[in-house]
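The values are calculated or read from the model by the stated rules, or taken from the named source; none is laboratory data. Only a predicted model underlies this, so the values are computations on that prediction, with no experimental measurement involved. Cβ sites come from the backbone with ideal geometry, for glycine too, and all protein chains shown count toward neighbours.
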Amino acid sequence: MNKLTKELMKKNNIKDQAILEENEEIYTNMVVYLRGSDLTEYNQEMVREDIIELIIEGQRRGDNIQKVMGSRYKETCDEIIAAMPKKTKKEKIVEYVGHSLNALWILGVILTFRNFIVDLILKRFENNFIFTVGDMITTLAIIVMAQLIVKYITKSVWKEKQTNSIVGYLKTWIVLMCILAPIILISVYLNKVVISFSYTVAIVVILMIFIASKIINSKVY
């Protein structure tokens, strides 16, 4: 996210504090839906700014968000999105690489910490970061799944809420277990070492990935 987008987001974060509680849920759903659109982050914030202004103006007249938007929230969002310029192929690639690098350095920190704790428990003193086949597959799977989960959340925001919350939580738990179980098993059993180097090198590599992610994300418009 570049500086211009960050400034607009900060401005919108201040503005949307004026939105009344009764309007917050639908407003939040509209913003979440926008996040899954083909608009650039800057254009998403531009649309968000317009939505905030409409809601606040309606509140001044005594109208709630239903009256302002006409209760056709998804359709309204779709119409706005259709009227805005879409991300170019280059912008999509840069954004995907930026998100992937973010996930990669975070997972790198987790794996390094995990390796270090295992070394302490097993009293190993090689001080080596070990990256196995299982770790490689797990890392790739988590990056892809994180992208898919975000996409699913943004696209399903207008679905009817589960009336039975216990059933809803149970379904979510089962789905998560079905996803996590194979990942954990792969990580445990596919333990052939692909890369092994000192923790110092691991930290340097993670820092390089972190810096690269910041540079690339600063190019995202």
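Quick notes on this one:
- Some residue of region 133-140 being closer than 24 Å to Gly36 by Cα and in a helix (DSSP H, G or I): yes
- The single residue among Lys74, Lys67 that is without any contact (Cβ under 8 Å) to a residue 12 or more places away in the chain and more than 20 Å from Met9 (Cα to Cα) turns out to be Lys67.
- Residue among Lys74, Lys67, Lys87, Lys123 that alone is closer than 30 Å to Val188 by Cβ and either modelled with pLDDT of 90 or more or not small (Gly, Ala, Ser) (or both): Lys123
- Taking region 1-105 as the region of interest, the helices (runs of 4 or more DSSP H) fully inside it that hold 1 or more residues being acidic (Asp, Glu) and not assigned by the TED database to the domain that holds Lys159 are 3-15, 21-35, 41-61, 73-83.
- Among the residues of region 78-105, the ones that are of a type in the set (Asp, Glu), over 16 Å from Val144 (Cβ atoms) and touching a residue at least 40 places away in the same chain (Cβ under 8 Å) come to 1 in all.
- Candidates are the residues of region 116-143 that are of a type outside the set (Val, Ile, Thr) and in contact (Cβ under 8 Å) with a residue 60 or more places away in the chain; the one that is surrounded by the most Cβ atoms within 10 Å (Cβ to Cβ) is Phe129.
A quick yes/no check of all residues on (1) without any contact (Cβ under 8 Å) to a residue 40 or more places away in the chain; (2) within 18 Å of Thr132 (Cβ to Cβ):
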residue	(1), (2)
Lys171	yes, no
Ile186	no, yes
Leu190	no, yes
Ile203	no, no
Ser218	no, no
